[in-house]
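The values are calculated or read from the model by the stated rules, or taken from the named source; none is laboratory data. Small disclaimer: the values here were computed from a predicted structure and weren't measured. Every residue, glycine among them, receives a Cβ derived from its backbone with ideal geometry; neighbour counts consider all protein chains shown.
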Ligand code: TRP
């Protein structure tokens with residue numbers, strides 16, 4: 001099991017499959033809508049380029065050097081105090097928290113495959129009501145789809161890197177890309193297209209708040225799957241001659257392209273229908289179905305294709321969210337993947353159920369903490385706090401603890417010296433300072 005490796009293209013695809021997920025198509029558009037558009041996108045892009053890509057490469061280098069699970073990676077790469085550093089590797093358990101609410105959303109997507117086939121809402125108001133009712137009243141239906149999403153994800157992970165994860169990505173990522181491109185071309189014809197472009201790309205900095213900066217930075221981590229050892233764990237299975245630098249840029253580029261395309265399409269529809277961009281978590285579910293309805297039969301085909309591809313984009317990410325803890329349990333305790341997954345599955349299934357219940361009007365009071373429902377709490381605490389914190393630790397570890405010689409030996413041939421030095425400088429100073437400022441700003445000054 002330990003020596004299982006990706007093929008070269010398999011790694012880029014799997015890492016992109018991990019990165020490209022609900023974060024791009026569900027979360028990015030709705031966060032942009034909630035945070036006022038262009039200024040949020042601007043900060044997000046800045047965070048991807050300067051913080052995201054640096055940490056991505058740092059995680060990839062760590063995994064490639066150690067070829068081990070996250071805990072062992074920290075332990076073995078620290079020249080001294082490995083016994084202390086190993087605790088940083090427990091950042092992998094953030095995955096348990098993310099996975100719980102992530103699968104609830106995949107459940108919504110499963111349900112929407114069915115909605116497209118049976119009863120597409122005609123306008124944005126109907127679509128809003130349909131989504132709202134599902135989330136706030138339909139416990140049984142949501143539980144059924146959630147359970148299905150949960151079982152499918154765990155089945156794929158149980159089959160391991162090559163036969164499960166890599167194969168799934170090879171087939172479905174291109175399909176998702178094609179459908180999105182089609183929708184993008186379609187959106188050119190919509191009245192709201194111009195307004196969508198203005199909303200996304202003309203920044204209004206008066207809308208920036210400490211919380212929106214934190215959200216943009218958090219989203220950069222979330223969308224690139226950073227800050228909890230996913231990229232580290234996947235990189236442990238890299239083929240020997242893979243080019244980490246090129247892979248990091250490719251993944252970041254593809255991931256950003258997909259988020260932006262999804263944003264353009266969704267806001268073009270929203271503005272064409274005169275709907276509100278700040279609808280929150282229901283945005284994709286509310287904006288797209290009325291459009292599919294308008295396109296008649298073709299809309300059903302494209303709609304089903306879209307939600308199936310989105311479900312798979314979600315699944316390829318879900319897989320990568322549990323893989324780090326799975327690898328930790330199998331490699332450190334010598335138990336089988338199945339056993340590890342049973343343990344993790346038990347935890348996440350309970351947490352996910354609580355997250356689902358926290359949106360149900362009649363039951364939510366039982367699962368509200370600090371004024372936030374369990375669902376929002378899991379989402380906020382992971383994206384906005386735990387992932388940036390994980391990124392901070394990774395930046396400091398690679399910038400100050402891992403011997404520079406080893407990094408040069410690994411990456412020296414893959415980028416010009418000036419680029420290496422810039423990356424190293426970003427990791428040591430710029431990234432940690434940005435993360436600390438952003439988190440502190442949110443905690444103390446808002
Ligand atoms: N990046 C994925 C998305 O955008 C989610 C994801 C997968 C993730 N693995 C992760 C997020 C690890 C944080 C950490 O949907």
Looking at residue 148, is it in a helix (DSSP H, G or I), touching a residue at least 12 places away in the same chain (Cβ under 8 Å) and either more than 30 Å from residue 42 (Cβ to Cβ) or in contact with a strand residue (DSSP E or B) (Cβ under 8 Å, 6 or more places away or on another chain) (or both)? yes
Looking at region 93-115, is at least one residue over 14 Å from residue 351 (Cβ atoms) and either out of contact with any helix residue (DSSP H, G or I) (no Cβ under 8 Å at 6 or more places or on another chain) or not in a helix (DSSP H, G or I) (or both)? yes
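Per-residue answers, yes or no, for (1) in a loop (DSSP other than H, G, I, E, B); (2) within 14 Å of the ligand (Cβ to nearest atom); (3) under 20 Å from residue 231 (Cα atoms); (4) at pLDDT 95 or above:
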position: 3; (1), (2), (3), (4): yes, no, yes, no
position: 9; (1), (2), (3), (4): no, no, yes, no
position: 12; (1), (2), (3), (4): no, no, yes, no
position: 15; (1), (2), (3), (4): no, yes, yes, no
position: 18; (1), (2), (3), (4): no, yes, yes, no
position: 24; (1), (2), (3), (4): no, yes, yes, yes
position: 36; (1), (2), (3), (4): yes, no, no, no
position: 41; (1), (2), (3), (4): no, no, no, yes
position: 48; (1), (2), (3), (4): no, yes, yes, yes
Pick out the one residue from 363, 329 that is farther than 23 Å from residue 27 by Cα, modelled with pLDDT under 95, more than 17 Å from the chain's Cα centre (by Cα) and surrounded by fewer than 23 Cβ atoms within 10 Å (Cβ to Cβ). 363
Within region 213-261, considering residues that are touching a residue at least 60 places away in the same chain (Cβ under 8 Å) and surrounded by fewer than 18 Cβ atoms within 10 Å (Cβ to Cβ), the one farthest from residue 15 (Cα to Cα): 241
When you scan region 329-409 for helices (runs of 4 or more DSSP H) that lie fully inside it, which ones turn up with 2 or more residues that are closer than 19 Å to residue 68 by Cα? 337-357, 387-396
Pairs only if they're at least six apart or on different chains, beta carbon under 8 angstrom, first in region 378-391 and under 12 Å from residue 88 (Cα atoms), second part of a helix (DSSP H, G or I) and away from the ligand (no atom under 12 Å from the Cβ); list them, first residue then second. 389/435; 389/439; 391/51; 391/431; 391/435
Filtering region 84-109 for residues that are more than 13 Å from the ligand (Cβ to nearest atom) and either more than 18 Å from residue 333 (Cβ to Cβ) or in contact (Cβ under 8 Å) with a residue 24 or more places away in the chain (or both) leaves a count of 7
Subset of region 286-317 [farther than 16 Å from residue 184 by Cβ, more than 16 Å from the ligand (Cβ to nearest atom) and crowded, with 24+ Cβ neighbours inside 10 Å]: 286, 289
Determine, yes or no, whether residue 68 is more than 14 Å from the ligand (Cβ to nearest atom), crowded, with 21+ Cβ neighbours inside 10 Å, over 16 Å from the mean Cα position of the chain (by Cα) and not in a helix (DSSP H, G or I). yes
